[in-house]
Each structure stands twice: as C-alpha cells, then as structure tokens.
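A short write-up of the structure that comes next.
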Ligand code: ARG
C-alpha cells in the first residue's frame, strides 16, 4: 500500500508547496467506507494559505486534471482530498507480485551490507528453561527472521547462563544430596530441584551460602573436580535445551555463553582500568555511574570473583571485535532494564562510541495469577511440559476433527507449538502476560490455529482445482466486489506491516495483521464462491487471489517462526 501512498504524495506535491515525504506521512487510510482508499487532510495547510480546509481540498481536487492508472478518481469530502484506488489495477499488480515473488514477497534489501547481532533466549543452566525464557526465545527468533527478510546479516547469539554463583550452589547441593542416576534421567529438572533444596537448607543453615561462594571461586580458578561437574551439568542441560529448540524450530549462530568469557575477563578489566573509569569501593572494583544517577557497575568482588555485568561488558567488546555489528539487540525481560542501562553507560564512558548501536529490547513478565514467578521457590511451569501438553491437546482435536489426516503427529506439533508461539507474540511485547492455558490453546479465538486453518483451507481449495493456474489466462477486472478488493488491499499492506514490526521490534504487529488477513479471507470466502463459481474466468481470478492470500499468510507466519501445514 505504501507504493500507492507514495504515488499519491507525488501527485499532490505538484500542486502543493510541501515535500513528498511530509505529504506521505500525512496521508491517512480512512476507516469508513465511502471516503476513498487514501485521504489527505488539508488542515495542515490552513494557516499558511489562510483558507478554510474544505475550500483548500476543493481547489486541490479541481486542479488535478489527470490521474495515473493506479487511481480511479479523486474527490473532496469536507476538508479531505480522497483518492479512490483502481480496483482492477491494484488486484492485478498485487496478485501478480505475490505469485512471482513467492516467499520473498514483502521483503526488502534495506539491510544489505549491515550486520545485526541479536542476543536472545539465554536460559540459565541449573535453573530450568521456564516459560519466561520462552518469551525471549520466540520474540528474539521473530526479530531475527524479520531482519533477515530485510536483507540484514544476522548473528543470533544464545548467551547461555552457564556461569555464576548458582553453580557453586548446585555443586554443593550435588555433593551433599546428589544422585547421578536421577541426574542422567531428567537433568534440568533434577538440577533445579537441587537448586531449590539448596535454598531451603540455606534458610536453616546460612553458612551454606558461604560454602557455595567458595566452591564457585574454585570453579573459576579451574579446580578439576568442580570443572568436571560443571561440564557434566552443562552438557546434560544443553542436550535438553536443544530438544526444545528443535521443537520450536529455533536456531542460533553462536552458543557462546557466559563461561566463554572467563579467560577474557582480565583483559577487559585491564582495558577498563587503563581508561581511568574504574575505582575501588569497599575492596570491590566498580565503575561509578553517579553522574547518570544510576548505581555503579560491580566489576569484581572483594574475593576476585566477576559478575554477570562484567561478563556482559566483556561479551559486548568481544562481539564488536568479532562481528563489527551495526546494531546489537538484547532481547531480555524488562526486569533487567537497569542492568542494560548500566552496561551501555559503562561502554559509553569507556569511549566505545558503538555503545549507541546497542539496544535493550525488553518484554513483560509471564505472571501467574498471584505473583511474579520465582525460580528459587519452585512455583514454576516447565516449558517442555507446556509444549508437550500443547501438542497432545492439538492431537486430540485433530483426532476429532480430521481423523483421516495423514501425518497427525507432525501437524499436531506444528499447530500446538504454533499456538504457544502466537499466544506469546500476539501480546504487546512490553506488557505482562498472565499465563492461562485456556487462552493460549483456544483454537477458535484469535490464535495461530485460526490463521493456520485459513491457510490450510486455501491449500485444500487449490488442490481441488484440477487446472493449471500458471497457464490459465486471468482477468482480474471480473472481480468487482468489495470482498475481493478488500482482500487484495490487505495483501498489499503486508510490506508496510513488516516495516512497522521492524521499526518497533514488535512481532505483535504481524500477529494482528495475520488475524485480520485471515478474517478478510473468510469474509471473502463466505460471500464469493470459488470452485463453485460458474464463470470459468472469474473462478480462475478468484483462485489466483486466494493463492496470493495463502502465500502471504505463510510468509507472515514464517516471520513469527510458525509453520503453516497444508492440511489440518
Ligand atoms: N541468562 C540471563 C537470564 O536468564 C539472560 C541473559 C541475557 N543476555 C545478556 N547478554 N545478558 O536472566
């Protein structure tokens, strides 16, 4: 649709003393029928021209003598200059464009030659991959795909939480109460149980905390026994995480976690000291950020142990050196906003001018009905269980609705997992979500299955048509109803929607769009016969229109990281 807006802005610029960009930004898409497809409000000119807006609109309309093929007519309604699109032209251009570009339809190459690093998912070993990490994973994955679609070179990094004091705790707990059989059987859950037990015991025996601190320091210093256990925990956990990533169909370009930076820390700290931005406070090394009115970054504790923030500073510098990124995004919960503020400020005062290319992309919490979830107490839902439950539920529905379906297992995975991803991504990124099984798995509501089902329906219609759409002549001028036009207009909006989703890093924009497109398709299908249409040419025209619709549904779902089965 933006191309039509641009054309309209160009026409208006010939009659008005305004920049094309300014005109473009002012043009609206009227919601009400009968007000044209695009409208220019003349209010902004009233002051300068010292005329009433309706008069200005009238004069503009009168002076436009000729219109290009894209437009049917131009009128003024009150203070607006209303342009009507040429239905046939739009349908023809849009459908042909979609069909010729296929899975690339809607893409751009604005990102060509630019590199974006995206830090996402990053679960913590020895703590479970909870539903909270799901948000980072699916949002990050979608932002990854959108960048790729626009031509960026993307590096997806899983900054695994494989280092830190929790390892001291888990090693202490394992040494005291551990059981290697249980560990092998269900490592993530077992390690988590140890972690929970540690905290319960530490409430009674506070010296356990000190013990864990010492053990972690030993690990940092390379103690063989500690390192061996850490390696085992990490390996077992990663195997399980990878199973989840496979289910979700999410890939990373790098798994360099926090531990990777352990032997690079001294250099980073020395660099920061040499820049004169550090100071010693109560025996610890810090970067004072008083001038920004935020707490200091703690770089090194009194005992020499480094922290989450130290590793992030080190990682940022390493990534700049390794990838020379143009932009680096951290898809991490909003509760870490202060951490990233501190990180970016520290980079700034250290003189790394690329600090301005780093951005925290926060998201809201997954809340349970009562309170913020806490890994320590153990009131937590395991992602693996959520995904399995979603698949099983979907399978049951498929058994009822379409028992003859061939690859039920695979479709149940695509639809069940799709429902979970969509349930997450359709929420505004920054808002909190209350975890609610019924809502996520409601297959009749505004969900992925609804979009997927519309897509599968289109595939089924196309399968039933026995001719060859590629060879058949097509005559879009036969499609005269508002249903066909509205559907084509919606399709033509796709690229603009992806642009918006990218500008704000908000996949929810795509989710909203796909629901609207699916609804638009169903409205069309309800009112316009396709296979049953008697006029052969009109039938072909409608088939092409739904072929294009199916392609765009598929492209949009793909950008959200959701698959689109052809049958369900
Ligand atoms: N592992 C961390 C957590 O679960 C998230 C890491 C995010 N990435 C980063 N570079 N800090 O809280």
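Below, the figures for the structure above:
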read-out	value
Unmet requirement for residue 262, which otherwise passes all of (1) within 11 Å of the ligand (Cβ to nearest atom); (2) in contact (Cβ under 8 Å) with a residue 40 or more places away in the chain	(1)
The one condition in (1) exposed (fewer than 13 other Cβ atoms within 10 Å of the Cβ); (2) under 20 Å from residue 565 (Cα atoms) that residue 503 fails to fulfil	(2)
Condition check for residue 428: surrounded by fewer than 18 Cβ atoms within 10 Å (Cβ to Cβ), at pLDDT below 90 and out of contact with any strand residue (DSSP E or B) (no Cβ under 9 Å at 6 or more places or on another chain)	yes
Only listed residue being at pLDDT 95 or above, surrounded by 17 or more Cβ atoms within 10 Å (Cβ to Cβ) and either within 13 Å of the ligand (Cβ to nearest atom) or farther than 18 Å from residue 115 by Cα (or both), chosen from 355, 360	360
Failed item, numbered, when residue 311 is tested on (1) within 16 Å of the ligand (Cβ to nearest atom); (2) under 17 Å from residue 216 (Cα atoms); (3) free of Cβ contacts under 8 Å to residues at least 40 places away in the same chain	(3)
Filter result (away from the ligand (no atom under 13 Å from the Cβ), within 15 Å of the chain's Cα centre (by Cα) and not in a strand (DSSP E or B)) within region 133-168	138, 141, 142, 143, 144, 145, 146, 147, 148, 149, 150
Segments classed as helices (runs of 4 or more DSSP H), wholly inside region 37-101, with at least 2 members that are closer than 25 Å to residue 482 by Cα and outside the structural domain of residue 474 (by TED's automatic domain parsing)	87-101
Out of 171, 146, 118, sole residue that is touching a residue at least 12 places away in the same chain (Cβ under 8 Å) and in contact with a strand residue (DSSP E or B) (Cβ under 8 Å, 6 or more places away or on another chain)	118
Residue list for region 111-128, restricted to those being surrounded by fewer than 23 Cβ atoms within 10 Å (Cβ to Cβ) and either within 16 Å of the ligand (Cβ to nearest atom) or under 30 Å from residue 199 (Cα atoms) (or both)	116, 122, 124, 127
Residue within region 34-43 that is under 32 Å from the mean Cα position of the chain (by Cα) and at pLDDT below 90 present	no
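The values are calculated or read from the model by the stated rules, or taken from the named source; none is laboratory data. Fair warning: this is a prediction, and the values are worked out from it, not measured in the lab. Cβ: placed from backbone, ideal geometry, glycine included. Neighbour counts: every protein chain shown.
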